[in-house]
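The values are calculated or read from the model by the stated rules, or taken from the named source; none is laboratory data. The shown structure was predicted, so the numbers you read here are calculated from the model rather than taken from an experiment. All Cβ positions, glycine included, derive from the backbone under ideal geometry; neighbour counts span all protein chains shown.
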Amino acid sequence: MRLKTKDVRDVVQLLDTIIEEYKNEAPKKKRDWRTYEQQLSNRIRTAMRNLGPLIEESVLNIKVIKVETRGRKRKLTLKHKVEILLIKRLIEKSNREMSNMLVLFSLLSNIDVSYKSIERLYSDEEVHLALLNLHSLLLKKRGVNNPNCAGDGTGYSLTIKQHYTSSAKKLKDKSNKGSKKTGRYIFSFRLMDLDTRLYVGYGTGFKSEQEAFYKTMEMMKLTSINSIRLDRYYAVQKYVKFIEALFGKNVSVYVIPKKNATINGPLVWKRVLEKFMNDTKGYLGEYFKRNQSESGFSEDKRRLGWKISQKRPERIETHDFCTSLWHNMLWMGRN
């Protein structure tokens, strides 16, 4: 059967009805809260138990040669820096509060530094390198290879007066562009491995989710993936073509076509539409696995907060990266 633009648009028009039928036919899983709480407790314990050894391994092969030998002797080792930064992100304390808490921690660790020292950790290049090593190490430990992915974006508020979730409903993304409100939010895009629920890539955007998306893809350009699921914003030919160019012709792309979709375009776009038309409900079954990305964002915000208390761009990116790392560490203990 030859694929026609009219047929595609007809199916898209009926999509709400097809989705309703799909939901009625799909088996509904009930959560066993007792088992869930036990698994959650095990994941948290595993993350805390493995935090030290994982950080040690991530900084092990980082050697920094200092040309300038003058200045004060460093109070913190690279391991200490990464530990402080990640613990601060977990307990969501200000730089000053964290500095004061280190006085208590110093009873065990002999660490006592000012809040300015903690603030500078967000811009420390050695720390950035160690965090990237930790990200790669977590994926390697869980055996993530050629993953089936789901990608989605969200926003974080940069001020306590504005909550991204409630404000986004009024502003939508469009009003952030060229508006006086621009700069109150940052956009975060993360690519999740569906099997392990670990983030395999992330990006931070200061102007739009699209910026965060392209940064995530830049991070993933040397990695192979098996499939990817994206929301309707990316259901246009240029994104599908971009993904094929980045990951090769064997990657499967799942997006829901828009109402004005056309079959005209590159071959990869025609293949997406053919999958959608040949087995629409089966296609939806694959596409709706993307919901795990949304639940991941919800989990991150409930556990780690919805606000970023940083102003400089590189420090905002570091804060966002620490969120992704904690998500991955907390899923390391999953059976």
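Among the numbered criteria (1) under 24 Å from I308 (Cα atoms); (2) modelled with pLDDT of 90 or more, which single criterion is violated by L139? Failed condition: (1). Collect the residues in segment 265-308 that are among the hydroxyl-bearing types (S, T, Y) and surrounded by fewer than 16 Cβ atoms within 10 Å (Cβ to Cβ), keeping them in residue-number order. Within segment 265-308, S295, S298 qualify.
Checking each residue in segment 248-278 for being over 16 Å from K6 (Cβ atoms) and among the aromatic types (F, W, Y) picks out Y254, W269.
Within segment 1-22, being within 12 Å of I256 (Cα to Cα) and surrounded by 12 or more Cβ atoms within 10 Å (Cβ to Cβ) holds for V8, R9, V11, V12, L15, I19.
When segment 123-151 is filtered for residues that are crowded, with 21+ Cβ neighbours inside 10 Å and over 12 Å from L78 (Cβ atoms), the ones remaining, listed by number, are H135, L138, P147, C149, A150, G151. Scanning segment 276-285 turns up one or more residues that are modelled with pLDDT under 95, closer than 27 Å to N328 by Cβ and out of contact with any strand residue (DSSP E or B) (no Cβ under 6 Å at 6 or more places or on another chain).
Close Cβ contacts (under 9 Å, 6 or more residues apart or on different chains) running from residues in segment 206-218 that are touching a residue at least 40 places away in the same chain (Cβ under 8 Å) and among the acidic types (D, E) to residues that are surrounded by fewer than 20 Cβ atoms within 10 Å (Cβ to Cβ) and assigned to a helix (DSSP H, G or I) comprise E209/Y233. For H327, the conditions (1) buried (at least 17 other Cβ atoms within 10 Å of the Cβ); (2) free of Cβ contacts under 8 Å to residues at least 24 places away in the same chain; (3) of a type outside the set (D, E, K, R) are fulfilled apart from (2). When each of G296, G203, G285, G265 is tested for being in contact (Cβ under 8 Å) with a residue 12 or more places away in the chain and on the phi > 0 side of the Ramachandran plot, the lone residue that passes is G265.
Among the residues of segment 215-232, those identified as of a type in the set (S, T, Y) and surrounded by 15 or more Cβ atoms within 10 Å (Cβ to Cβ) are T216, T223, S227.
From the set of residues in segment 70-96 that are at pLDDT below 80 and under 27 Å from the mean Cα position of the chain (by Cα), which is surrounded by the most Cβ atoms within 10 Å (Cβ to Cβ)? Selected residue: N95.
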